[in-house]
1. If each of THR90 and SER70 carries a label point 7 Å out from its Cα toward its Cβ, how far apart are those two points in nm?
2. For region 107-121, just list the computed ³J(HN,Hα) in residue order, Karplus coefficients 6.51, -1.76 and 1.60, θ = phi - 60°, integers in Hz, with x standing in for Gly and Pro.
3. For a Förster distance of 25 Å, can you work out the FRET efficiency between the beta-carbons of ASN117 and ALA97, rounded to the nearest 0.05?
4. Once the Cβ-Cβ distance between ALA38 and GLU125 is put in as r, and R0 is 41 Å, what FRET efficiency do you end up with, to the nearest 0.05?
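None of the figures in this text is laboratory data; all of them are computed from the coordinates on show. The structure displayed is predicted, hence computed values, not measured ones. Note that we place each Cβ from the backbone using ideal geometry, even for glycine, and neighbour counts take in every protein chain shown.
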Amino acid sequence: MITRRMAVLAVGATLAAGAGQLALLAPAQAAQSTLQLACSDGGNYTVRTNDNHSSEHGGWGVGQIVSGGSGHGIPTSFAGSLFDVAANQTIFSFEQAKAGGQANRNQSTITCTSTQNGTLGDFTEPGDQLPPGTSASDPVVFTLTVTVVKRP
């Protein structure tokens, strides 16, 4: 059965592949990854993020733009999904809004998306029960969407 734990694993697999969430809290010396984002302001950015989740719900730290522009992004929401192409079904999806959607509500935001292709096995651990009609070798698409306040 696909569970919330698998959603966390999917984000973790994305991190391991160098496509971490836009914002994760961590100490300054923490390991970092980069994430390619296509954003609603027309920008295609590479953003550096910290790898530490700080809690089971992730963190809300700032992502630094390192290519394609300058500045940083302050996240206000995350959403994601894992879609099994072979089975033509969504395996799981999630949404989380900072402060229940009340954070940064008076500031302009942009929406950015990152996509990672892999197999269902890339997003599960040995022994995990897969949904009926799926296989660990099924091609999947993990999509991460983040809404951010972009600052210089």
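1. Modelled inter-label distance: 3.9 nm.
2. 10, 5, 10, 10, 10, 10, 10, 10, 10, 10, 9, x, 10, 4, x
3. 0.40
4. Approximately 0.85, to the nearest 0.05.
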